[in-house]
1. List every residue pair whose Cβ atoms lie under 7 Å apart, where the two residues are 6 or more positions apart in sequence or sit on different chains, the first residue falls within segment 80-108 and is under 16 Å from residue 281 (Cα atoms) and without any contact (Cβ under 8 Å) to a residue 60 or more places away in the chain, and the second residue, located anywhere, is crowded, with 20+ Cβ neighbours inside 10 Å and among the hydroxyl-bearing types (Ser, Thr, Tyr).
2. Name the pairs: first residue in segment 238-253 and assigned to a helix (DSSP H, G or I), second residue of a type in the set (D, E, K, R) and at pLDDT 80 or above, Cβ to Cβ under 8 Å, at least 6 apart or on different chains?
3. If residue 268 satisfies every condition in (1) under 28 Å from residue 76 (Cβ atoms); (2) without any contact (Cβ under 8 Å) to a residue 40 or more places away in the chain; (3) open to solvent by 50 Å² or more (accessible area, probe 1.4 Å) but one, which is the exception?
4. Working only within segment 83-100, note down all residues that are surrounded by fewer than 11 Cβ atoms within 10 Å (Cβ to Cβ) and either farther than 15 Å from residue 161 by Cβ or in contact with a Phe, Trp or Tyr (Cβ under 8 Å, 6 or more places away or on another chain) (or both).
5. Can you name the residue in segment 55-69 that is open to solvent by 20 Å² or more (accessible area, probe 1.4 Å) and more than 19 Å from residue 103 (Cβ to Cβ) and is also modelled with the lowest pLDDT among such residues?
6. Given 136, 165, which one is open to solvent by 80 Å² or more (accessible area, probe 1.4 Å), in contact (Cβ under 8 Å) with a residue 60 or more places away in the chain, more than 23 Å from residue 243 (Cα to Cα) and out of contact with any helix residue (DSSP H, G or I) (no Cβ under 8 Å at 6 or more places or on another chain)?
7. Can you name the condition, by its number, that residue 73 falls short on among (1) free of Cβ contacts under 8 Å to residues at least 60 places away in the same chain; (2) more than 18 Å from residue 240 (Cα to Cα); (3) open to solvent by less than 20 Å² (accessible area, probe 1.4 Å)?
Amino acid sequence: MDNVSLITLFVLSGLNETTNHRAVLFSLTLLCYLFILLANVALIVIIILDKNLHEPMYILLCMFCMNGLYGTAGFYPKFLWDLLSPVHVISYAGCHVQALVMYSFASTDLSVLAVMAYDRYVAICQPLDYHCVMSKQRLLMLACFSWLAPFCIVGINVILASRLKLCSPFIARLFCVNWMIVKLACFPADTMVNGIVAYISIIIYVFHGFFIVWSYMYLIKTCVNSIENRRKFMQTCVPHLTSLLTFLVTIVFDVMNMRFGSKDLPQIVQNFIEIQFLVIPPIINPLIYGFKLTKIRNTFLHAITFKNKY
């Protein structure tokens with residue numbers, strides 16, 4: 001039993017310096033979460049109900065929004081509860097589950113963006129073969145890969161972290177992440193395997209990023225000399241690029257702060273950096289796609305107009 005932690009609760013210390021602003025933070029957080037739910041659910045419902053949107057690009061977008069709901073559900077309810085509670089604790093199992101949700105949410109976002117990039121590459125560069133290449137079977141396979149592969153990769157990291165004996169229950173964040181749990185391991189714990197698997201996981205998703213960048217660079221090169229392709233690129237690829245840029249900026253800031261950040265930063269600044277990827281992308285993505293993609297915008301406007309008539 002030497003490798004089993006005796007810790008049953010973790011203490012989240014990220015809210016320690018916000019005692020005087022809990023009511024304001026709770027109100028803003030609740031409004032933010034409600035907007036995320038409304039915007040993402042609305043986009044999902046529009047895509048599901050309109051048969052004209054049952055195309056690979058929109059189905060992938062639907063997955064993207066579902067993943068946003070999944071990731072935010074792992075953070076906001078617990079965070080809202082902590083804002084109302086004088087003690088900010090989470091169970092040992094609950095902490096590992098939250099870490100699994102946070103990491104798999106971020107990894108799945110990148111996987112779906114990679115599949116979206118591939119879909120746009122085929123649509124613009126091989127338009128005659130598009131429906132053959134992006135068949136229902138291939139779309140299903142890519143969708144399963146986008147969900148299951150990140151979950152399995154992150155699951156391995158979480159399982160490896162759960163085997164460590166921990167010597168402190170204090171996590172200096174608003175929520176649980178695997179890296180912080182591993183840092184609590186008793187010295188001289190063997191965390192080499194954890195580190196190796198973590199870096200392999202990072203490399204896998206760095207390659208995802210390289211693939212996305214290569215795809216869009218090739219698309220830009222292809223679209224330069226064609227007015228029709230330029231129109232397609234501006235209409236369907238710009239939202240993807242905006243989502244990708246938003247995702248990368250928020251994730252890189254959080255990772256850099258977690259691994260190399262200064263402890264001298266004010267707690268409120270650290271908290272903001274930590275939760276960027278749970279606030280900005282889930283809010284911006286449905287707005288970008290809702291306003292930029294013509295079919296979705298027209299379906300939404302048609303639904304509102306029809307409702308107002310009756």
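1. 108/146
2. 240/120; 247/109
3. Here residue 268 clears every test but (2).
4. Step one: of segment 83-100, the residues surrounded by fewer than 11 Cβ atoms within 10 Å (Cβ to Cβ) are 84, 86-87, 93.
Selection gives 84, 86, 87.
5. It comes out as 55.
6. Sole residue among the options that is open to solvent by 80 Å² or more (accessible area, probe 1.4 Å), in contact (Cβ under 8 Å) with a residue 60 or more places away in the chain, more than 23 Å from residue 243 (Cα to Cα) and out of contact with any helix residue (DSSP H, G or I) (no Cβ under 8 Å at 6 or more places or on another chain): 165.
7. (3)
The values are calculated or read from the model by the stated rules, or taken from the named source; none is laboratory data. Since the model is a prediction, treat every value here as computed from it, not as a measurement. Positions of Cβ are backbone-derived with ideal geometry, glycine not excepted, and every protein chain shown enters the neighbour counts. These area figures cover heavy atoms from the full protein model, side chains too; ligands, DNA and RNA do not enter into them. Shrake-Rupley method; radii C 1.70, N 1.55, O 1.52, S 1.80 Å.
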